[in-house]
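One structure is given below, encoded as structure tokens.
The values are calculated or read from the model by the stated rules, or taken from the named source; none is laboratory data. Owing to the predicted nature of the structure, the values given are computational and were not obtained by experimental measurement. Glycine also receives a Cβ, built like all others from the backbone with ideal geometry; neighbour counts cover every protein chain displayed.
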Amino acid sequence: MTDTSALLRLIDENAQRITATLCDLIAFPSVVKADPTQAGPGERDCQLYLQGRLEALGMTTDLWEPDGPALLEKYRGRPGAHDGRTFQGRPNLAGRLAGAGGGRSLLLTGHIDVVPPGPASHWETDPFGPVVRDGRVYGRGAVDMKAGVACMLMAVEFLREAGITLKGDVVFATVVDEEIGGMGTLAMVDRGIRADAGILTEPTANRIAPICHGILWGRLIVDGIGGHAELTPNSWDTSGPVDAVQLVRHVLNGIDMLNARWRTDPRKNHPLMALPNQVIVTQLNVGEHPSSIAGRGEIVIDVQYLPHEQDALLTGGNVRREIEDHIAAICQSDPYLRKKPVRVEWILDADCAEVPAAHPIVTTMQAATRVAGNDPTLDGFGAHSDMGLPTSLGNTPTVNFGPGDPAFAHQPNEQVPVADLVACTRAIALTLIDWCAPAK
């Protein structure tokens, strides 16, 4: 058995190096663009930085720009396959540290794209000028999820410095496009990057999360009849107007009813998930002019689903139909909407997965996290993560495990505790030893 005490001391005594690596990553403004044909200003530079770090560790690396149209044609209708994606200036990166042979391989993966920081006035610091203060690192991507990327890199680096050689290969992969649908991870899997198991270092407060939600983004288009807001209206079934604000309110009430039903529906709950599946209204756009009755409204929704609800293509097709049926039922309760029903347009379907609690990667990680000082109790990742594609398509059972409170993701003043970085790095390093097996 390998004595890991020296390794853990090395990690503990070099917390500032983990922090410095995270700060280096935050400084790259690798912002994903709403237009998927445009590269974020720092996506390529961030990957080049990581490629240099991997090659310094002796890894063979692969930096490539995926072919979006070819991937769409190959995987159309499957998870991660989205129209309109190009990857010019948005490369993926993979690296492999070959083991001595005879051990299991482990994939360490994460995304380097981040969401836009929002108004500068909402931040106490420059979002891309990382600050370490009071035991925390601040900056866009600090928790989602450059902290996890820094920890998985430093875990391998500390193993090398401690002179620990592994039998199994260590596979390292960082992707783009996660924040707008996950086609970067689809490209990673299509490239043949896989292992006997994987760790996706999304923020879980250093809890092992072997399940995530799938999500559907949809747009509900509600057509009323516009008219002058200050004049006596004609009947709704002649020339109108018909107020789209009132129609939208009617639809929102119907969505509230569906959420109330789902709250106690066994199909919509999971023992590891803190909350039931929900239909979350994230955007509203109603009306055209201050003195006009609204003629149209749009409701954007984020719908969650669980792995057991997936269809044969491992997407949320069953839940899409459930939502469509419910919206149709709402329309049947209003005479105008019976004639002019709400239209449903689907924007995105991001898949999910679950790795059984008894799987060896889960039990191995539980043992490692316990030694590292973390809670080994399993948890659910309430949002979507990219674990589904390597798990289902890549035959690489992958769990979520990473530093930081996920509630800080996408927020101004995004932050992660330095103590979480150290604890995560310890756990990943110990998992690598236990899973890949020491060569000597």
For the stretch 285-309, give me each residue that is in a loop (DSSP other than H, G, I, E, B) and either within 29 Å of the chain's Cα centre (by Cα) or crowded, with 17+ Cβ neighbours inside 10 Å (or both). Gly287, Ala294, Gly295, Leu306
Here the residues within the stretch 208-236 that are touching a strand residue (DSSP E or B) at 6+ places or on another chain (Cβ under 7 Å), farther than 26 Å from Val300 by Cα and β-branched (Val, Ile, Thr) are Ile208
Mind listing just one residue for me: the one in the stretch 209-268 that is among the acidic types (Asp, Glu) and touching a helix residue (DSSP H, G or I) at 6+ places or on another chain (Cβ under 8 Å) and, of those, farthest from Ile180 (Cα to Cα)? Asp237
The stretch 138-186, residues that are surrounded by 24 or more Cβ atoms within 10 Å (Cβ to Cβ) and at positive phi: Gly139, Gly141, Asp177, Gly181, Gly182
Residue that is β-branched (Val, Ile, Thr) and over 24 Å from Val171 (Cβ atoms), where the choices are Thr37, Thr61: Thr37
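Looking at Leu231, Leu284, Leu275, Leu258, which one is without any contact (Cβ under 8 Å) to a residue 12 or more places away in the chain and of a type in the set (A, V, I, L, M, F, W, C)? Outline the logic, then answer.
Values: Leu284 fails: without any contact (Cβ under 8 Å) to a residue 12 or more places away in the chain; Leu275 fails: without any contact (Cβ under 8 Å) to a residue 12 or more places away in the chain; Leu258 fails: without any contact (Cβ under 8 Å) to a residue 12 or more places away in the chain.
After ruling out the rest, the residue left standing is Leu231.
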Kindly provide the set of residues from the stretch 18-31 that are out of contact with any strand residue (DSSP E or B) (no Cβ under 7 Å at 6 or more places or on another chain) and either part of a loop (DSSP other than H, G, I, E, B) or surrounded by fewer than 18 Cβ atoms within 10 Å (Cβ to Cβ) (or both), ordered by number. Ala20, Asp24, Ala27, Phe28, Pro29
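Evaluate the following for Ile280: is it β-branched (Val, Ile, Thr) and more than 17 Å from His213 (Cα to Cα)? Write out each step before concluding.
Numbers: β-branched (Val, Ile, Thr): yes; more than 17 Å from His213 (Cα to Cα): no.
It is false that Ile280 is β-branched (Val, Ile, Thr) and more than 17 Å from His213 (Cα to Cα).
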If you go through Gly388, Gly380, Gly394, Gly404, the only one that is outside the structural domain of Asp223 (by TED's automatic domain parsing) and on the phi > 0 side of the Ramachandran plot is Gly404
Where in the stretch 84-134 are the strands (runs of 3 or more DSSP E), entirely inside, with at least 1 residues that are assigned by TED's automatic domain parsing to the domain that holds Pro412, of a type outside the set (Ser, Thr, Tyr) and surrounded by 23 or more Cβ atoms within 10 Å (Cβ to Cβ)? 92-97, 106-111
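Listed residues Leu306, Leu258, Leu313; which is in the same structural domain as Arg219 (by TED's automatic domain parsing), at pLDDT below 95 and under 23 Å from Asp351 (Cβ atoms)? Outline the logic, then answer.
On the way: Leu306 fails: at pLDDT below 95; Leu258 fails: at pLDDT below 95.
When all the criteria are applied, what remains is Leu313.
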